[in-house]
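Structure first, commentary second.
The values are calculated or read from the model by the stated rules, or taken from the named source; none is laboratory data. Since the model is a prediction, treat every value here as computed from it, not as a measurement. Heads up, the Cβs are rebuilt from the backbone with ideal geometry, glycines too, and the neighbour counts pull from every protein chain shown. Surface accessibility is based on the protein's heavy atoms, side chains included, excluding ligands, DNA and RNA. Shrake-Rupley method; radii C 1.70, N 1.55, O 1.52, S 1.80 Å.
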Amino acid sequence: MLTLRTVRDRIFRTVVLKAYDRRCAFTGFQFINGGGRAEVEAAHIKSVSAKGPDVVQNGLALSGTVHWMFDRGLLTLSEDRSILLSNQINDVDGVRKILLPDGRAKFPESPKDHPDPKFLKWHRENCFKGIALS
């Protein structure tokens, strides 16, 4: 049975993945399964539980592991799109190997689809754990 939440989740996923060309903003990965479905996920920057809206400016396309780390506050983004890693990550070198080489997130081509800085600030202040590694 489809609920209003399920429909909103599907629309949010579709809009975010389209904006990011079905690529992870942190790794650049674009894995497509045998059925043609993108393996990247639509992540909320400001969580739904914190009243974050289902809009593309509150979303990031992230691979599963990166999404998990982002939701748990082990990764976040600075104002200049630099990917910040928490000092609580137990395999920093392994994480750095999967991130984009320049250490900066790739946003959609259209500036109107870029994350809203207020949502990124919220994530840094309310989700990110520990101290950012340089």
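The single condition among (1) out of contact with any Ser or Thr (no Cβ under 8 Å at 6 or more places or on another chain); (2) without any contact (Cβ under 8 Å) to a residue 40 or more places away in the chain; (3) within 24 Å of residue 10 (Cα to Cα); (4) of a type in the set (A, V, I, L, M, F, W, C) that residue 40 does not satisfy is (1). Within segment 84-104, the presence of a residue that is closer than 19 Å to residue 13 by Cβ, surrounded by 14 or more Cβ atoms within 10 Å (Cβ to Cβ) and modelled with pLDDT of 95 or more is excluded.
Here is a list: 46, 129. Which entry is surrounded by fewer than 16 Cβ atoms within 10 Å (Cβ to Cβ) and touching a Lys or Arg at 6+ places or on another chain (Cβ under 9 Å)? Show your work before the answer.
On the way: 46 fails: surrounded by fewer than 16 Cβ atoms within 10 Å (Cβ to Cβ).
That would be 129, the only listed residue that is surrounded by fewer than 16 Cβ atoms within 10 Å (Cβ to Cβ) and touching a Lys or Arg at 6+ places or on another chain (Cβ under 9 Å).
Per the listing 28, 36, 64, 59, the residue uniquely of a type in the set (Gly, Ala, Ser), farther than 18 Å from residue 102 by Cβ, open to solvent by less than 60 Å² (accessible area, probe 1.4 Å) and modelled with pLDDT of 95 or more is 59. Listed by first and then second residue, the pairs with beta-carbon distance under 8 Å, at least 6 apart or on different chains, first residue in segment 9-37 and over 15 Å from residue 105 (Cα atoms) and without any contact (Cβ under 8 Å) to a residue 40 or more places away in the chain, second of a type in the set (D, E, K, R) and open to solvent by less than 90 Å² (accessible area, probe 1.4 Å), are 13/41. When residue 71 is tested against (1) open to solvent by 10 Å² or more (accessible area, probe 1.4 Å); (2) under 10 Å from the mean Cα position of the chain (by Cα); (3) touching a residue at least 12 places away in the same chain (Cβ under 8 Å); (4) within 16 Å of residue 99 (Cα to Cα), just one condition goes unmet, and that condition is (4). The C-beta contact set for segment 107-134 (first residue under 13 Å from residue 77 (Cβ atoms), second residue open to solvent by 40 Å² or more (accessible area, probe 1.4 Å) and assigned to a loop (DSSP other than H, G, I, E, B), distance under 6 angstrom, 6+ apart or interchain) comprises 107/114; 119/46; 122/46.
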